[in-house]
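The values are calculated or read from the model by the stated rules, or taken from the named source; none is laboratory data. These figures come from a predicted structure and were not determined experimentally. Cβ placement follows ideal geometry from the backbone for every residue including glycine, while neighbour counts extend to all protein chains displayed. To get the accessible areas, we keep the full protein, side chains included, count just its heavy atoms, and leave off ligands, DNA and RNA. Shrake-Rupley method; radii C 1.70, N 1.55, O 1.52, S 1.80 Å.
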Amino acid sequence: MAKLLATLLLCSLAWGADPDWWRSAVIYEIYPRSFADTNGDGIGDLNGITAHLDYLKDLGVDAIWITPFYPSPQVDFGYDISDYKAIDPQYGTMADFDRLLKEADKRGIKVINDMVLNHTSDQHPWFKESKSSRRNPKADWYVWRNADAKGNPPNNWQSIFGHSAWQWSETRKQFYYHAFYREQPDLNFRNRAVREAMYDTMRFWLDKGVAGFRLDAIPSLFEDPQMRDAPYLEGINAYGERNISMIYTDNLPEVHEVLRELRRMTNEYPGRVLIGETYLPNAFELAKMYGRNRDELHLPMDTQLGFINKLSVADFRRKLLEGETQINGNVPLFVFDNHDNVRSVDRYGDGEHNDAIQRLLATILLTPRDSALMYYGEELGMVTSTPTKVENVRDPIGRIGWPKEKGRDGERTPMQWNNDANAGFGGTRMPWLPVGENYKTVNVSTESKDPDSLLNYYKRLIKLRKENQQLREGDFVLTNDNSDTVLSYLRLTRNGQAVLVALNFTAQPQTLNIDLTSRGVKGKRAKTLLASFSGAETADLEHLTLPPFGSYVGQVEP
Ligand code: GLC
(Lines give C-alpha, C1' and ligand atoms only; values in the text may rest on other atoms or scores of the structure.)
Protein backbone atom coordinates (compact mmCIF):
# COMPACT_ATOMS: atom_id res chain seq x y z
CA MET A 1 0.00 0.00 0.00
CA ALA A 2 2.77 2.40 1.01
CA LYS A 3 4.53 1.61 -2.22
CA LEU A 4 1.37 2.24 -4.22
CA LEU A 5 0.88 5.59 -2.53
CA ALA A 6 4.48 6.51 -3.19
CA THR A 7 4.05 5.63 -6.85
CA LEU A 8 0.89 7.71 -7.03
CA LEU A 9 2.67 10.69 -5.49
CA LEU A 10 5.51 10.18 -7.91
CA CYS A 11 3.22 10.10 -10.91
CA SER A 12 1.62 13.28 -9.69
CA LEU A 13 5.00 15.05 -9.65
CA ALA A 14 5.62 16.82 -12.89
CA TRP A 15 9.39 17.14 -12.72
CA GLY A 16 10.10 13.97 -14.68
CA ALA A 17 9.20 15.87 -17.86
CA ASP A 18 12.79 16.83 -18.66
CA PRO A 19 15.14 14.10 -17.47
CA ASP A 20 18.15 16.26 -18.33
CA TRP A 21 17.06 19.25 -16.24
CA TRP A 22 20.21 19.03 -14.10
CA ARG A 23 22.54 19.87 -16.98
CA SER A 24 22.11 23.60 -16.66
CA ALA A 25 20.36 23.83 -13.33
CA VAL A 26 20.59 26.34 -10.54
CA ILE A 27 20.65 24.29 -7.36
CA TYR A 28 20.16 26.09 -4.06
CA GLU A 29 21.52 24.62 -0.86
CA ILE A 30 19.37 25.00 2.25
CA TYR A 31 20.68 24.37 5.74
CA PRO A 32 17.24 23.68 7.25
CA ARG A 33 18.26 24.60 10.80
CA SER A 34 19.01 28.10 9.63
CA PHE A 35 16.48 28.85 6.91
CA ALA A 36 13.16 29.65 8.57
CA ASP A 37 11.56 28.69 11.86
CA THR A 38 7.77 28.29 11.85
CA ASN A 39 7.23 26.85 15.35
CA GLY A 40 9.26 29.38 17.27
CA ASP A 41 11.81 27.03 18.84
CA GLY A 42 14.79 28.90 17.41
CA ILE A 43 15.53 26.12 14.91
CA GLY A 44 14.48 26.18 11.28
CA ASP A 45 12.11 23.50 10.00
CA LEU A 46 10.70 21.91 6.85
CA ASN A 47 7.56 24.05 7.03
CA GLY A 48 9.87 27.06 6.99
CA ILE A 49 11.20 25.93 3.64
CA THR A 50 7.69 25.34 2.30
CA ALA A 51 6.68 28.81 3.45
CA HIS A 52 9.40 30.38 1.32
CA LEU A 53 9.05 28.39 -1.88
CA ASP A 54 7.62 31.38 -3.71
CA TYR A 55 10.79 33.30 -2.92
CA LEU A 56 12.89 30.49 -4.37
CA LYS A 57 10.72 30.29 -7.44
CA ASP A 58 11.03 34.00 -7.95
CA LEU A 59 14.80 33.76 -7.58
CA GLY A 60 14.70 31.19 -10.36
CA VAL A 61 16.15 28.09 -8.73
CA ASP A 62 15.48 24.72 -10.34
CA ALA A 63 16.18 22.56 -7.32
CA ILE A 64 16.87 22.78 -3.63
CA TRP A 65 19.33 20.52 -1.86
CA ILE A 66 18.40 20.26 1.81
CA THR A 67 21.16 19.17 4.20
CA PRO A 68 20.17 16.23 6.46
CA PHE A 69 16.83 16.47 8.27
CA TYR A 70 16.68 12.85 9.41
CA PRO A 71 16.54 11.87 13.09
CA SER A 72 19.92 12.64 14.59
CA PRO A 73 21.54 13.39 17.94
CA GLN A 74 22.73 16.54 16.11
CA VAL A 75 26.36 16.23 17.13
CA ASP A 76 27.24 17.24 13.58
CA PHE A 77 23.89 19.00 13.08
CA GLY A 78 22.28 16.21 11.13
CA TYR A 79 25.29 14.58 9.49
CA ASP A 80 25.14 11.98 12.27
CA ILE A 81 22.02 10.08 11.26
CA SER A 82 20.25 7.62 13.55
CA ASP A 83 17.36 6.74 11.21
CA TYR A 84 17.59 7.16 7.45
CA LYS A 85 13.88 6.79 6.73
CA ALA A 86 12.29 9.36 9.00
CA ILE A 87 12.27 13.07 9.83
CA ASP A 88 13.84 14.54 12.95
CA PRO A 89 10.97 15.99 15.02
CA GLN A 90 13.00 19.21 15.30
CA TYR A 91 12.43 19.68 11.60
CA GLY A 92 8.86 18.39 11.34
CA THR A 93 7.06 15.26 10.25
CA MET A 94 6.92 13.06 7.20
CA ALA A 95 3.63 14.75 6.31
CA ASP A 96 5.49 18.08 6.33
CA PHE A 97 8.09 16.62 4.00
CA ASP A 98 5.45 15.25 1.63
CA ARG A 99 3.78 18.64 1.57
CA LEU A 100 7.11 20.34 0.85
CA LEU A 101 7.69 17.97 -2.04
CA LYS A 102 4.25 18.63 -3.46
CA GLU A 103 4.37 22.39 -3.03
CA ALA A 104 7.86 22.54 -4.52
CA ASP A 105 6.70 20.52 -7.48
CA LYS A 106 3.79 22.90 -8.06
CA ARG A 107 6.37 25.62 -8.51
CA GLY A 108 8.64 23.55 -10.71
CA ILE A 109 11.25 23.14 -7.97
CA LYS A 110 12.91 19.77 -7.39
CA VAL A 111 13.98 18.54 -3.97
CA ILE A 112 17.36 16.88 -3.50
CA ASN A 113 18.14 15.03 -0.27
CA ASP A 114 21.50 14.79 1.41
CA MET A 115 22.70 11.22 1.79
CA VAL A 116 25.41 10.26 4.23
CA LEU A 117 26.79 6.87 3.21
CA ASN A 118 30.19 7.03 4.84
CA HIS A 119 29.02 6.87 8.45
CA THR A 120 25.98 6.77 10.71
CA SER A 121 25.44 8.18 14.16
CA ASP A 122 26.77 6.07 17.01
CA GLN A 123 23.12 6.07 18.15
CA HIS A 124 21.95 4.28 15.00
CA PRO A 125 20.53 0.82 15.89
CA TRP A 126 23.01 -0.74 13.45
CA PHE A 127 25.94 0.63 15.37
CA LYS A 128 24.44 -0.22 18.73
CA GLU A 129 24.10 -3.79 17.56
CA SER A 130 27.52 -3.85 15.94
CA LYS A 131 29.18 -2.64 19.08
CA SER A 132 27.32 -5.03 21.39
CA SER A 133 29.69 -7.96 20.74
CA ARG A 134 32.14 -9.33 18.22
CA ARG A 135 29.59 -11.94 17.21
CA ASN A 136 26.35 -10.30 16.23
CA PRO A 137 24.84 -10.18 12.75
CA LYS A 138 26.13 -6.62 12.26
CA ALA A 139 29.53 -7.18 13.86
CA ASP A 140 31.22 -6.39 10.55
CA TRP A 141 29.03 -3.44 9.52
CA TYR A 142 31.53 -0.89 10.80
CA VAL A 143 35.34 -0.73 10.65
CA TRP A 144 36.56 -2.56 13.76
CA ARG A 145 40.17 -3.42 14.56
CA ASN A 146 42.12 -4.79 17.48
CA ALA A 147 44.48 -2.64 19.47
CA ASP A 148 48.17 -3.04 18.73
CA ALA A 149 50.45 -4.96 21.11
CA LYS A 150 50.70 -1.96 23.42
CA GLY A 151 46.96 -1.36 23.49
CA ASN A 152 47.18 1.62 21.15
CA PRO A 153 45.02 2.27 18.06
CA PRO A 154 45.88 0.08 15.06
CA ASN A 155 47.57 2.92 13.18
CA ASN A 156 48.24 6.66 13.12
CA TRP A 157 45.21 7.76 11.10
CA GLN A 158 43.60 10.98 12.18
CA SER A 159 40.04 12.17 12.06
CA ILE A 160 39.37 15.07 9.70
CA PHE A 161 37.81 16.68 12.78
CA GLY A 162 40.92 16.30 14.91
CA HIS A 163 42.90 13.67 16.82
CA SER A 164 42.96 9.89 16.39
CA ALA A 165 40.42 8.40 13.98
CA TRP A 166 40.07 5.39 16.30
CA GLN A 167 37.75 5.11 19.27
CA TRP A 168 37.94 2.36 21.86
CA SER A 169 34.84 0.31 22.67
CA GLU A 170 34.83 -1.35 26.08
CA THR A 171 32.18 -3.87 25.10
CA ARG A 172 34.04 -5.21 22.07
CA LYS A 173 37.51 -4.46 23.40
CA GLN A 174 38.28 -3.10 19.94
CA PHE A 175 38.67 0.22 18.20
CA TYR A 176 36.28 1.52 15.55
CA TYR A 177 37.26 3.95 12.81
CA HIS A 178 35.65 7.37 12.36
CA ALA A 179 36.77 9.75 9.62
CA PHE A 180 34.75 12.54 11.30
CA TYR A 181 33.50 12.85 14.90
CA ARG A 182 33.75 9.84 17.17
CA GLU A 183 29.95 9.89 17.24
CA GLN A 184 30.08 9.17 13.48
CA PRO A 185 31.43 5.62 13.09
CA ASP A 186 32.37 4.72 9.50
CA LEU A 187 30.29 2.03 7.83
CA ASN A 188 32.18 -0.86 6.30
CA PHE A 189 31.46 -0.51 2.60
CA ARG A 190 33.32 -3.74 1.84
CA ASN A 191 30.34 -5.51 3.37
CA ARG A 192 27.65 -6.23 0.77
CA ALA A 193 24.86 -6.15 3.37
CA VAL A 194 25.85 -2.58 4.34
CA ARG A 195 25.70 -1.44 0.75
CA GLU A 196 22.30 -3.02 0.20
CA ALA A 197 20.93 -1.51 3.40
CA MET A 198 22.05 1.95 2.36
CA TYR A 199 20.75 1.56 -1.19
CA ASP A 200 17.44 0.52 0.31
CA THR A 201 17.22 3.79 2.26
CA MET A 202 17.91 5.69 -0.94
CA ARG A 203 15.14 3.87 -2.78
CA PHE A 204 12.79 4.88 0.01
CA TRP A 205 13.33 8.56 -0.86
CA LEU A 206 13.47 8.01 -4.61
CA ASP A 207 10.11 6.23 -4.39
CA LYS A 208 8.78 9.27 -2.58
CA GLY A 209 9.81 11.43 -5.50
CA VAL A 210 12.97 13.25 -4.46
CA ALA A 211 15.00 14.39 -7.44
CA GLY A 212 18.23 12.82 -6.26
CA PHE A 213 20.95 13.06 -3.68
CA ARG A 214 23.93 15.08 -2.69
CA LEU A 215 26.32 12.37 -1.53
CA ASP A 216 28.17 13.45 1.56
CA ALA A 217 31.92 12.82 1.90
CA ILE A 218 31.74 10.28 -0.90
CA PRO A 219 35.53 9.93 -1.48
CA SER A 220 35.89 8.77 2.15
CA LEU A 221 33.93 5.53 1.72
CA PHE A 222 36.89 3.15 1.81
CA GLU A 223 40.04 2.67 3.86
CA ASP A 224 43.21 0.80 3.02
CA PRO A 225 42.51 -2.84 4.02
CA GLN A 226 46.12 -3.23 5.17
CA MET A 227 45.63 -0.35 7.56
CA ARG A 228 49.12 1.03 6.94
CA ASP A 229 50.37 4.05 8.85
CA ALA A 230 49.95 7.19 6.77
CA PRO A 231 53.01 9.29 6.01
CA TYR A 232 53.34 12.50 7.98
CA LEU A 233 53.42 15.83 6.15
CA GLU A 234 55.04 19.06 7.16
CA GLY A 235 53.46 21.25 9.78
CA ILE A 236 50.94 20.99 12.59
CA ASN A 237 47.18 21.12 12.11
CA ALA A 238 44.63 23.25 13.95
CA TYR A 239 44.18 20.50 16.51
CA GLY A 240 47.86 20.51 17.44
CA GLU A 241 48.76 17.25 15.69
CA ARG A 242 51.26 16.62 12.91
CA ASN A 243 49.70 16.91 9.47
CA ILE A 244 49.15 13.57 7.90
CA SER A 245 48.55 12.30 4.38
CA MET A 246 45.15 10.82 3.54
CA ILE A 247 46.41 8.39 0.88
CA TYR A 248 45.01 5.42 2.76
CA THR A 249 41.65 6.89 3.65
CA ASP A 250 40.63 9.24 0.86
CA ASN A 251 39.60 8.67 -2.74
CA LEU A 252 40.45 4.95 -2.93
CA PRO A 253 39.65 3.27 -6.28
CA GLU A 254 36.92 1.14 -4.67
CA VAL A 255 34.76 4.26 -4.40
CA HIS A 256 34.09 4.03 -8.13
CA GLU A 257 32.62 0.57 -7.81
CA VAL A 258 30.02 1.94 -5.39
CA LEU A 259 29.34 4.95 -7.58
CA ARG A 260 28.56 2.65 -10.49
CA GLU A 261 26.14 0.69 -8.33
CA LEU A 262 24.49 3.91 -7.22
CA ARG A 263 24.15 5.10 -10.78
CA ARG A 264 22.63 1.83 -11.92
CA MET A 265 20.02 2.16 -9.21
CA THR A 266 19.37 5.83 -9.92
CA ASN A 267 18.96 5.12 -13.63
CA GLU A 268 15.83 3.17 -12.78
CA TYR A 269 14.31 6.52 -11.81
CA PRO A 270 14.52 8.84 -14.83
CA GLY A 271 15.48 12.41 -14.18
CA ARG A 272 17.17 11.83 -10.82
CA VAL A 273 20.60 13.18 -10.15
CA LEU A 274 23.63 12.14 -8.13
CA ILE A 275 25.69 15.06 -6.87
CA GLY A 276 28.95 14.39 -5.09
CA GLU A 277 30.71 16.24 -2.34
CA THR A 278 34.04 15.82 -4.06
CA TYR A 279 36.95 17.76 -2.68
CA LEU A 280 39.66 16.45 -5.00
CA PRO A 281 43.16 17.58 -5.86
CA ASN A 282 42.68 18.23 -9.59
CA ALA A 283 40.47 18.04 -12.68
CA PHE A 284 41.84 14.61 -13.57
CA GLU A 285 40.47 13.10 -10.37
CA LEU A 286 37.26 15.05 -10.80
CA ALA A 287 36.79 13.67 -14.32
CA LYS A 288 36.98 10.13 -12.94
CA MET A 289 33.96 10.80 -10.72
CA TYR A 290 31.70 11.00 -13.78
CA GLY A 291 32.71 7.45 -14.69
CA ARG A 292 34.52 6.23 -17.75
CA ASN A 293 31.22 5.50 -19.44
CA ARG A 294 29.32 8.30 -17.78
CA ASP A 295 28.13 5.67 -15.37
CA GLU A 296 28.96 7.27 -12.01
CA LEU A 297 28.02 10.73 -10.69
CA HIS A 298 26.02 13.17 -12.80
CA LEU A 299 27.46 16.19 -11.02
CA PRO A 300 30.52 15.82 -8.82
CA MET A 301 31.20 19.25 -7.32
CA ASP A 302 34.08 21.16 -8.86
CA THR A 303 35.74 22.57 -5.76
CA GLN A 304 38.79 23.75 -7.69
CA LEU A 305 37.32 26.94 -9.12
CA GLY A 306 35.28 28.28 -6.22
CA PHE A 307 37.97 27.74 -3.63
CA ILE A 308 40.92 29.43 -5.32
CA ASN A 309 40.38 32.05 -2.61
CA LYS A 310 42.33 34.71 -4.44
CA LEU A 311 41.18 36.98 -7.26
CA SER A 312 43.83 35.90 -9.70
CA VAL A 313 42.84 36.07 -13.36
CA ALA A 314 45.37 33.44 -14.35
CA ASP A 315 44.16 30.97 -11.75
CA PHE A 316 40.49 31.56 -12.55
CA ARG A 317 41.14 31.24 -16.28
CA ARG A 318 43.02 27.98 -15.81
CA LYS A 319 40.51 26.44 -13.41
CA LEU A 320 37.54 27.51 -15.51
CA LEU A 321 39.11 26.07 -18.64
CA GLU A 322 39.97 22.81 -16.87
CA GLY A 323 36.53 22.62 -15.31
CA GLU A 324 34.92 23.13 -18.71
CA THR A 325 37.17 21.03 -20.90
CA GLN A 326 38.98 18.36 -18.85
CA ILE A 327 35.93 16.40 -17.74
CA ASN A 328 35.25 14.44 -20.93
CA GLY A 329 32.38 16.58 -22.13
CA ASN A 330 30.41 16.21 -18.92
CA VAL A 331 28.72 19.13 -17.18
CA PRO A 332 30.69 20.91 -14.46
CA LEU A 333 29.02 21.78 -11.17
CA PHE A 334 30.58 25.01 -9.95
CA VAL A 335 30.17 26.22 -6.38
CA PHE A 336 31.52 29.08 -4.29
CA ASP A 337 29.62 28.69 -1.03
CA ASN A 338 28.38 26.01 1.30
CA HIS A 339 27.81 25.20 4.96
CA ASP A 340 31.40 24.09 5.55
CA ASN A 341 33.35 27.10 4.35
CA VAL A 342 33.77 30.76 5.15
CA ARG A 343 31.43 32.62 2.80
CA SER A 344 32.96 33.62 -0.54
CA VAL A 345 32.58 37.35 0.12
CA ASP A 346 34.96 36.93 3.04
CA ARG A 347 37.41 34.86 1.04
CA TYR A 348 37.47 37.13 -2.02
CA GLY A 349 36.31 40.52 -0.77
CA ASP A 350 38.79 43.38 -0.30
CA GLY A 351 36.54 45.26 2.13
CA GLU A 352 36.19 48.18 -0.24
CA HIS A 353 34.62 46.68 -3.35
CA ASN A 354 32.76 43.74 -1.82
CA ASP A 355 29.54 44.49 -3.60
CA ALA A 356 31.19 44.49 -7.04
CA ILE A 357 33.23 41.40 -6.11
CA GLN A 358 30.08 39.51 -5.12
CA ARG A 359 28.55 40.35 -8.50
CA LEU A 360 31.72 39.22 -10.22
CA LEU A 361 31.60 35.85 -8.44
CA ALA A 362 27.87 35.51 -9.20
CA THR A 363 28.61 36.16 -12.87
CA ILE A 364 31.34 33.52 -12.93
CA LEU A 365 29.01 31.04 -11.26
CA LEU A 366 26.07 31.64 -13.57
CA THR A 367 27.41 32.36 -17.06
CA PRO A 368 29.73 29.49 -18.00
CA ARG A 369 28.46 26.16 -19.37
CA ASP A 370 27.65 24.62 -16.02
CA SER A 371 25.27 23.66 -13.34
CA ALA A 372 25.45 26.15 -10.53
CA LEU A 373 25.30 25.46 -6.84
CA MET A 374 24.28 28.33 -4.59
CA TYR A 375 24.06 28.54 -0.81
CA TYR A 376 21.23 30.33 1.03
CA GLY A 377 22.02 33.98 1.66
CA GLU A 378 24.76 34.11 -0.99
CA GLU A 379 22.27 35.99 -3.18
CA LEU A 380 21.83 38.61 -0.46
CA GLY A 381 25.42 39.19 0.53
CA MET A 382 25.23 37.46 3.89
CA VAL A 383 28.66 37.38 5.50
CA THR A 384 30.45 34.97 7.81
CA SER A 385 29.83 35.74 11.48
CA THR A 386 32.46 33.70 13.24
CA PRO A 387 32.00 33.41 17.03
CA THR A 388 34.43 35.51 19.02
CA LYS A 389 34.24 33.45 22.21
CA VAL A 390 34.77 29.73 22.47
CA GLU A 391 31.80 29.37 24.85
CA ASN A 392 29.48 30.54 22.06
CA VAL A 393 30.70 27.96 19.54
CA ARG A 394 28.14 25.32 18.52
CA ASP A 395 30.08 23.35 15.91
CA PRO A 396 32.24 20.85 17.83
CA ILE A 397 35.32 21.33 15.62
CA GLY A 398 35.33 24.95 16.73
CA ARG A 399 35.66 23.81 20.32
CA ILE A 400 38.19 21.07 19.61
CA GLY A 401 40.31 23.36 17.46
CA TRP A 402 39.85 26.75 19.14
CA PRO A 403 41.34 29.27 18.45
CA LYS A 404 42.95 28.05 15.23
CA GLU A 405 39.78 26.33 14.02
CA LYS A 406 36.70 28.28 15.03
CA GLY A 407 34.21 25.94 13.44
CA ARG A 408 31.53 26.49 10.83
CA ASP A 409 28.92 28.45 12.78
CA GLY A 410 29.87 31.64 10.95
CA GLU A 411 28.52 30.48 7.60
CA ARG A 412 25.41 28.89 9.13
CA THR A 413 23.71 31.93 10.66
CA PRO A 414 19.95 32.41 10.12
CA MET A 415 18.68 33.42 6.72
CA GLN A 416 18.01 37.16 6.61
CA TRP A 417 14.42 37.68 5.51
CA ASN A 418 13.74 41.20 6.73
CA ASN A 419 14.88 43.80 9.24
CA ASP A 420 12.55 42.76 12.08
CA ALA A 421 13.93 41.18 15.23
CA ASN A 422 15.80 37.96 14.36
CA ALA A 423 15.79 39.04 10.70
CA GLY A 424 12.38 37.45 10.20
CA PHE A 425 13.87 34.00 10.79
CA GLY A 426 10.80 33.27 12.91
CA GLY A 427 9.61 33.26 16.46
CA THR A 428 10.71 35.49 19.28
CA ARG A 429 13.17 33.04 20.78
CA MET A 430 16.83 33.56 20.03
CA PRO A 431 17.71 31.55 16.93
CA TRP A 432 20.18 28.71 17.50
CA LEU A 433 22.92 30.97 16.11
CA PRO A 434 22.92 34.76 16.29
CA VAL A 435 21.72 36.65 13.23
CA GLY A 436 24.44 38.25 11.09
CA GLU A 437 25.14 41.87 11.94
CA ASN A 438 24.37 43.26 8.50
CA TYR A 439 20.74 41.99 8.50
CA LYS A 440 19.20 45.48 8.69
CA THR A 441 20.18 46.16 5.10
CA VAL A 442 21.16 42.75 3.78
CA ASN A 443 17.83 40.94 3.73
CA VAL A 444 15.22 39.70 1.27
CA SER A 445 12.61 42.35 2.00
CA THR A 446 14.91 45.38 1.67
CA GLU A 447 16.76 44.03 -1.34
CA SER A 448 13.60 43.04 -3.18
CA LYS A 449 12.58 46.68 -3.23
CA ASP A 450 15.92 47.95 -4.49
CA PRO A 451 16.39 47.37 -8.24
CA ASP A 452 20.17 47.64 -7.83
CA SER A 453 20.50 45.14 -4.99
CA LEU A 454 22.66 42.05 -5.15
CA LEU A 455 19.49 39.96 -4.92
CA ASN A 456 18.08 41.59 -8.03
CA TYR A 457 21.41 41.12 -9.79
CA TYR A 458 21.20 37.38 -9.09
CA LYS A 459 17.60 37.29 -10.28
CA ARG A 460 18.43 39.03 -13.55
CA LEU A 461 21.44 36.79 -14.07
CA ILE A 462 19.46 33.59 -13.51
CA LYS A 463 16.68 34.80 -15.79
CA LEU A 464 19.16 35.68 -18.50
CA ARG A 465 20.86 32.31 -18.14
CA LYS A 466 17.53 30.65 -18.84
CA GLU A 467 16.31 32.90 -21.62
CA ASN A 468 19.41 33.59 -23.68
CA GLN A 469 20.16 30.88 -26.23
CA GLN A 470 23.94 31.33 -26.10
CA LEU A 471 24.01 31.12 -22.31
CA ARG A 472 21.83 28.04 -22.49
CA GLU A 473 23.54 26.12 -25.22
CA GLY A 474 26.75 27.84 -26.22
CA ASP A 475 30.24 26.40 -26.01
CA PHE A 476 32.61 27.98 -23.55
CA VAL A 477 35.44 29.82 -25.34
CA LEU A 478 38.07 31.98 -23.64
CA THR A 479 39.18 35.25 -25.20
CA ASN A 480 42.12 37.56 -24.45
CA ASP A 481 44.06 34.73 -22.82
CA ASN A 482 46.98 36.96 -22.00
CA SER A 483 45.23 39.62 -20.00
CA ASP A 484 46.23 39.53 -16.37
CA THR A 485 43.55 42.00 -15.33
CA VAL A 486 40.41 40.90 -17.15
CA LEU A 487 38.89 37.46 -17.45
CA SER A 488 36.74 37.19 -20.55
CA TYR A 489 34.99 34.42 -22.38
CA LEU A 490 32.30 33.77 -24.92
CA ARG A 491 29.34 31.48 -24.98
CA LEU A 492 29.24 30.63 -28.63
CA THR A 493 26.56 28.70 -30.50
CA ARG A 494 27.01 26.90 -33.81
CA ASN A 495 25.20 29.67 -35.69
CA GLY A 496 28.12 31.97 -34.85
CA GLN A 497 26.21 34.01 -32.30
CA ALA A 498 28.00 34.84 -29.11
CA VAL A 499 27.55 36.30 -25.68
CA LEU A 500 30.60 37.94 -24.20
CA VAL A 501 31.36 37.89 -20.48
CA ALA A 502 34.11 40.23 -19.28
CA LEU A 503 35.21 40.60 -15.67
CA ASN A 504 37.66 43.08 -14.24
CA PHE A 505 39.69 41.38 -11.51
CA THR A 506 41.37 44.55 -10.31
CA ALA A 507 40.58 47.63 -8.23
CA GLN A 508 41.45 49.91 -11.19
CA PRO A 509 39.35 50.57 -14.28
CA GLN A 510 40.51 48.50 -17.24
CA THR A 511 40.03 48.98 -20.96
CA LEU A 512 40.69 46.24 -23.43
CA ASN A 513 40.18 45.23 -27.01
CA ILE A 514 38.17 42.03 -27.04
CA ASP A 515 39.70 39.65 -29.51
CA LEU A 516 36.82 38.01 -31.33
CA THR A 517 38.29 37.35 -34.77
CA SER A 518 40.73 34.70 -33.58
CA ARG A 519 37.70 32.89 -32.19
CA GLY A 520 35.88 33.08 -35.51
CA VAL A 521 33.31 35.58 -34.28
CA LYS A 522 32.37 38.72 -36.20
CA GLY A 523 31.40 41.95 -34.53
CA LYS A 524 32.71 45.10 -32.94
CA ARG A 525 29.87 45.99 -30.63
CA ALA A 526 27.79 44.23 -28.04
CA LYS A 527 24.31 44.88 -26.78
CA THR A 528 24.48 45.01 -23.02
CA LEU A 529 22.47 42.22 -21.41
CA LEU A 530 23.60 42.77 -17.85
CA ALA A 531 26.33 44.70 -16.11
CA SER A 532 27.28 45.25 -12.51
CA PHE A 533 27.70 48.97 -13.25
CA SER A 534 25.52 51.48 -15.01
CA GLY A 535 26.52 52.35 -18.50
CA ALA A 536 25.55 52.43 -22.12
CA GLU A 537 23.13 50.07 -23.76
CA THR A 538 25.80 48.99 -26.16
CA ALA A 539 29.55 48.58 -25.77
CA ASP A 540 32.45 49.12 -28.12
CA LEU A 541 34.35 45.84 -27.96
CA GLU A 542 37.57 47.39 -29.26
CA HIS A 543 37.61 49.64 -26.21
CA LEU A 544 35.61 47.86 -23.58
CA THR A 545 35.98 49.72 -20.31
CA LEU A 546 35.20 48.06 -17.02
CA PRO A 547 35.17 49.81 -13.63
CA PRO A 548 36.93 48.20 -10.63
CA PHE A 549 35.75 44.58 -10.34
CA GLY A 550 33.10 45.33 -12.96
CA SER A 551 31.19 42.49 -14.63
CA TYR A 552 29.84 42.80 -18.14
CA VAL A 553 27.59 40.45 -20.15
CA GLY A 554 26.69 41.43 -23.70
CA GLN A 555 25.29 39.96 -26.89
CA VAL A 556 27.85 40.36 -29.65
CA GLU A 557 26.31 42.13 -32.62
CA PRO A 558 27.45 40.67 -35.93
C1 GLC B 1 30.48 16.73 4.88
C2 GLC B 1 29.48 17.75 5.33
C3 GLC B 1 29.92 18.31 6.64
C4 GLC B 1 29.96 17.18 7.65
C5 GLC B 1 30.86 16.05 7.15
C6 GLC B 1 30.69 14.81 7.96
O7 GLC B 1 31.72 17.28 4.67
O8 GLC B 1 29.33 18.73 4.35
O9 GLC B 1 29.08 19.33 7.08
O10 GLC B 1 30.43 17.65 8.87
O11 GLC B 1 30.54 15.69 5.82
O12 GLC B 1 29.45 14.23 7.71
Checklist entry - Which of the lysines could a cross-linker bridge to residue 150, judged by Cα under 18 Å and excluding same-chain residues fewer than eight apart? => result 173
Checklist entry - If you plug each phi of segment 149-159 into the Karplus form 6.51 cos²θ - 1.76 cosθ + 1.60 with θ = phi - 60°, what whole-Hz ³J(HN,Hα) values come out, in order, with x for Gly and Pro? => result 4, 8, x, 8, x, x, 7, 8, 4, 10, 6
Checklist outcome for this item: As straight-line cross-link partners of residue 527, the qualifying aspartates and glutamates (C-alpha separation under 12 Å, not fewer than 8 residues apart within one chain) are 537, 540, 557
Item to check | Carbon/sulfur fraction of accessible area - the chain, other protein chains in place, 1.4 Å, % | outcome: 50 percent
Item to check | Across 406/440; 404/449; 310/449; 319/440; 106/459, pairs whose alpha-carbon gap is larger than 29 Å | outcome: 404/449; 310/449; 319/440
Item to check | Surface accessible to a 1.4 Å probe, per residue, for the residues of segment 473-558, Å² | outcome: 46 Å²
Item to check | Accessible area (Å², per residue) of segment 99-161, counting only protein heavy atoms and a probe of 1.4 Å | outcome: 44 Å²
Checklist entry - Which ³J(HN,Hα) values in Hz, rounded to whole numbers, follow from the phi angles of segment 205-211 under the Karplus curve 6.51 cos²θ - 1.76 cosθ + 1.60, where θ = phi - 60° and Gly and Pro get x? => result 7, 5, 4, 6, x, 5, 8
Checklist entry - What FRET efficiency do you get for residue 438 and residue 243 if R0 is 30 Å and r is their Cβ-Cβ distance, rounded to the nearest 0.05? => result 0.30
Item to check | Convex hull per residue volume in Å³, alpha carbons only, for segment 267-352 | outcome: 102 Å³
Checklist outcome for this item: Stretched fully, the stretch from residue 518 through residue 268 gains (0.36 nm per residue minus C-alpha distance, one decimal, in nm) 85.5 nm
Item to check | Rounded Å value of the spacing that divides the Cα centres of segment 523-558 and segment 240-265 | outcome: 45 Å
Next on the checklist: So for segment 132-183, averaging the separation of alpha carbon pairs under 8 Å that are six or more residues apart and normalising by length, what relative contact order in percent results?
Outcome noted: 35 percent
Item to check | Intensity falloff of segment 9-97 expressed as log10 I(q)/I(0), Debye formula with alpha-carbon point scatterers, at q = 0.12, 0.13, 0.14, 0.25 Å⁻¹ | outcome: -0.42, -0.50, -0.57, -1.28
Checklist outcome for this item: Expressed per residue, the solvent accessible area of segment 256-323 in Å² (1.4 Å probe) is about 39 Å²
Checklist entry - If contacts are Cα pairs under 8 angstrom and at least 6 residues apart, what is the relative contact order of the chain in percent? => result 12 percent
Checklist entry - Once amide H atoms are built 1.01 Å from N in the peptide plane, which residues 5 or more positions from residue 475, or in another chain, come under 5 Å H to H? => result 492, 493
Checklist entry - If you project the alpha carbons of the chain onto the principal axes, what extent comes out on each, in Å, largest first? => result 76, 50, 49
Item to check | Under the Karplus curve 6.51 cos²θ - 1.76 cosθ + 1.60, θ = phi - 60°, whole-Hz ³J(HN,Hα) for segment 272-287, x wherever Gly or Pro sits | outcome: 8, 10, 10, 9, x, 7, 10, 7, 10, x, 6, 5, 4, 5, 4, 4
Next on the checklist: Quick check: convex hull of the Cα atoms in segment 152-215, volume per residue, rounded to a whole Å³?
Outcome noted: 122 Å³
Checklist entry - List the aspartates and glutamates whose alpha-carbon lies under 14 Å from that of residue 131, not counting same-chain residues fewer than 8 positions away? => result 122, 140, 170, 183, 186
